[in-house]
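S.K.: Before anything else, here's the structure in question.
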Amino acid sequence: MKPTLNPKVPEGPLEKKWRNYQLKSQLINPANKKKLNVIVVGSGLSGAGAAATLAELGYDVQCFCYQDSARRAHSVAAQGGINAAKNYQHDGDSVYRMFYDTLKGGDFRSREANTYRLAELSAPLIDHFVQQGVPFAREYGGTLVNRSFGGVQVQRTFYARGQTGQQLLLAAYSQLYKMVRAKKVTMYPRSEMMDLVLIDGKAKGIIVRNLVTGQLERYAADAVVLATGGYSRVFRLSTLAIGCNGSAIWKAHKKGAFFAAPSFTQIHPTALPQSSEAQSKLTLMSESLRNDGRIWVPKQKEDTRRPKDIPEEERDYYLERRYPSFGNLAPRDIASRAAKERIDAGYGVGRLKNAVYLDFKHAIEKFGLDTIKDRYGNLFNMYKKITGIDAYTTPMLISPAAHFSMGGLWVDYELMTTIPGLYAVGECNFSDHGANRLGANSLLQASVDGYFILPNTINNYLADEIKSDHPTIEHPEFDKTENETKTFIDKILSVNGTKTVDHFHRELGKIMWNECAMSRTKEGLEKAIRAITALKEDFWTDVKVTGSSNEMNTELEKAYRLADFIELGILMCTDALQREESCGAHFREEYQTQDGEALRVDDDYSYVSAWAYDHGNFELHKEPLEFEFVKPTVRSYK
């Protein structure tokens, strides 16, 4: 009999669940908090926020990141803004409306209680960041200003020009290093988690590889928090930084943490198009540009004219045509599929005909050049630096690209995984976004999880752990896990084949992009599983990794991360294959309406798919999604 997944959702009305939970939570007195240690893996918004706040509460914290500084965490790249239901614009916004927009945007495939809590905590979070000194944009009179993002009809996105992620991360970094200076947080940069240590079934530590010396190190704690971001580098070409990976959550998965909705990965509609086979990553242009930019393609196939030579009547503003209620601010999954449809139909533009235009001509005419520069200046500068094109006078070329991971480790309402004592916060859990994340909810979830939720929920677990023996690195389980890690590394180095790691990652990326990205089919997913399984066998018999393990070795880093990506790719395709419906970013071509929109099958698939690892196989567990306060409807943006 399969174990039942207990989401631990509190009782009571939707708007009182979080308060009810807090009222009944266990408390730990300050003297006892000093006796407890927490490991936080990751130093982005969720990791830095969690580490700093837990330290402020009195816990001793060890924080790990593979970058040379916590300031280099990838949260810095989410530049467009952060959502909050403040209703400063008096345009009808509210906590409930934000909750409903998020639930609907995720195509009703997320847990009601978690999604409502996200909206509920958004307002105090903005106040929190203002008090930390984040320079949000303001009106002339001093009021914080908002703009819109995709999937909504109100203005609720707070921003700091086009540098929001950077400014929020600097604020979190300041709080983190305040606690480092206070000796409540010990920071370990250039350290990568290689595996999770379980003692009596509970998360009690990690094995870490020092990326400078190559040495394996042990660290023990009373609880472990993973804040390691998303896994879209499984596609190789993505908007994520080269170093972003899914290894920490994959190792936890193989130790017993269920992996939820792995196939729900977001394709962002506003990235720079791929320019060559040799390219290693794609550049994200913030979705905020869709506030004022208009997206179009020529009405004539294979049109080679310069955009300024194409008259208005020969331009197809296809999002405005197909989705008149939302236009250029249609949700990301819809905007990406619409771009792919136009490109595949022969209307793509650019040298490789793999892009569409994002045009600011009309916005500049309406608002003036100075206003557009003030709103998006750094994004236009970045575009010119990369492409050499002045987007103030010539439309940007944009294209869909792999971006955010809605899937991740399964967590309950407390953000605990199926392994006691192991928590997952931010993008590496599945909890809030369902099948599609709305723009500007990424910075929100990462911040809320780290600053507000985890510090209130981890007490319920740690209150009982005070009575248990504190783990030490001398425990036999540390010996066992470190030896397993060393064997894994030695196995990769011993292959000594003929093909580079990049070769295998490129092949994996092609399979995943062709068969498990914007659209999927039963035949294609079955083919992908066979192809990735064969690729895995080829990797372990013919990969070439130079150097040794006892030194700085970036090729080795790439190799062991890719080994995890290959296995994750099989699970993603397996998850997409069993979900015989279309919802959000998961678009099965067999399940669509007559006009090409996603067709959900609520009677059969209104659940969270949570997968258990079983010696290379995956076993499906289901958490039913019960909509007590909202009735799922057909998701329409027309």
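S.K.: Helix 122-132 against the longest principal axis of the chain: what's the angle in degrees, Cα atoms only, rounded to the nearest 10?
M.R.: That works out to roughly 80 degrees.
S.K.: With every protein chain left in place and a probe of 1.4 Å, what is the accessible surface of residue 8, to the nearest 10 Å²?
M.R.: 80
S.K.: Pick out, from 425, 439, 460, the residue whose Cα sits farthest towards the positive end of the charge dipole of the stretch 421-473, with +1 on the Cβ of Lys and Arg and -1 on the Cβ of Asp and Glu.
M.R.: Value computed over the given set: 439.
S.K.: Check cross-link reach from residue 183 to the aspartates and glutamates: straight Cα distance under 13 Å, and skip same-chain residues fewer than eight apart.
M.R.: Those aspartates and glutamates meeting the cut-off are 56, 60.
S.K.: If 181, 322 are ordered by their accessible area, calculated over protein heavy atoms with a 1.4 Å probe, which sequence runs from highest to lowest?
M.R.: 181, 322
S.K.: For the stretch 433-528, give the magnitude of the charge dipole about the Cα centre (Cβ charges: +1 Lys/Arg, -1 Asp/Glu; no others), in debye to the nearest 20.
M.R.: 700
S.K.: Oh, and also: Just by accessible area at a 1.4 angstrom probe, what is the order of 448, 212 from largest to smallest?
M.R.: Correct descending sequence by accessible area is 212, 448.
S.K.: Tell me, what is the FRET efficiency for residue 472 and residue 312 to the nearest 0.05, using R0 = 60 angstrom and their Cβ-Cβ distance as r?
M.R.: The calculated FRET efficiency here is 0.25.
S.K.: Taking a 30 Å limit on the Cα-Cα distance, which of the listed pairs 24/480; 33/255; 491/622; 8/34; 480/522 fall beyond it?
M.R.: 24/480; 491/622; 480/522
S.K.: Suppose each label sits 7 Å from its Cα in the direction of the beta carbon; what would the residue 631-residue 483 distance come out to in nanometres?
M.R.: Between residue 631 and residue 483, the label points sit 6.1 nm apart.
S.K.: Would any residue of the stretch 240-283 have its amide N under 18 Å from a label point 7 Å out along Cα→Cβ of residue 387? List them or say none.
M.R.: 268-277, 279-283
S.K.: Figure the gain on full extension for residue 35 and residue 620 (residue separation times 0.36 nm, minus the Cα-Cα span) and round it to one decimal in nm.
M.R.: 206.7 nm
S.K.: Moving on to the next point. Which of 276, 167, 44 sits closest to the plus end of the dipole of the chain, meaning its Cα is farthest towards the positive end, when Lys and Arg get +1 and Asp and Glu get -1 on the C-beta?
M.R.: Final value for the positive-end residue is 167.
S.K.: With a ≥ b ≥ c the root eigenvalues of the C-alpha gyration tensor of the stretch 395-533, is it rounded (a/c under 1.5), prolate (a/b larger than b/c) or oblate?
M.R.: The shape class here is oblate.
S.K.: Can you find, among 152, 396, 221, the residue farthest towards the positive end of the dipole of the chain? Put +1 on the C-beta of Lys and Arg, -1 on that of Asp and Glu.
M.R.: 396
S.K.: In addition: For the stretch 492-597, which trypsin sites (Lys or Arg not before Pro) pass both filters: DSSP loop (anything but H, G, I, E, B) and at most 16 other C-beta atoms within 10 Å?
M.R.: Sites meeting the loop and neighbour criteria: 544.
S.K.: Among the chymotrypsin sites (Phe, Trp or Tyr not before Pro) within the stretch 127-194, which fall in a DSSP loop and have no more than 11 other Cβ atoms within 10 Å of their own Cβ?
M.R.: 140
S.K.: Give me the dipole magnitude in Debye, nearest 20, for the stretch 236-384 about the Cα centre, with unit charges on the beta carbon: positive for Lys and Arg, negative for Asp and Glu.
M.R.: For the stretch 236-384, the charge dipole is close to 600 debye.
S.K.: Hey, another quick one. State to the nearest 20 debye the size of the charge dipole of the chain about its Cα centre, where the only charges are +1 on K and R beta carbons and -1 on D and E beta carbons.
M.R.: 1380
S.K.: Moving on to the next point. What's the longest uninterrupted piece of the chain once you rule out the GluC sites (Glu not before Pro) that are loop residues per DSSP with at most 13 other Cβ within 10 Å?
M.R.: It runs 303-473.
S.K.: Report the semi-axes of the equivalent ellipsoid for the stretch 1-94 in whole Å, largest first, where each axis is √(5λ) for an eigenvalue λ of the Cα gyration tensor.
M.R.: The answer is 27, 26, 17 Å, longest axis first.
S.K.: Might you tell me the accessible area per residue for the chain, computed with a 1.4 Å probe and given in Å²?
M.R.: Result: 38 Å² of accessible area for each residue.
S.K.: Sort 53, 472, 498 from largest to smallest accessible area, using a 1.4 Å probe on the heavy atoms of the protein chains.
M.R.: 498, 472, 53
S.K.: Same structure, new question: Kindly provide the helix-only [θ] at 222 nm of the chain, computed as the sum of -39,500 (n - 2.57) over DSSP H runs of four or more divided by all residues, to the nearest 500 deg cm²/dmol?
M.R.: Using -39500 (n - 2.57) per qualifying helix, the result is -11000 deg cm²/dmol.
S.K.: With every protein chain present, what accessible area does residue 638 have (1.4 Å probe, heavy atoms only), rounded to the nearest 10 Å²?
M.R.: Taking all protein chains as shown, residue 638 has close to 90 Å².
The values are calculated or read from the model by the stated rules, or taken from the named source; none is laboratory data. For clarity, every value in this text was computed on a predicted model and none was experimentally measured. Note that we place each Cβ from the backbone using ideal geometry, even for glycine, and neighbour counts take in every protein chain shown. Protein only, heavy atoms only, side chains kept; ligands, DNA and RNA dropped before computing areas. Shrake-Rupley method; radii C 1.70, N 1.55, O 1.52, S 1.80 Å.
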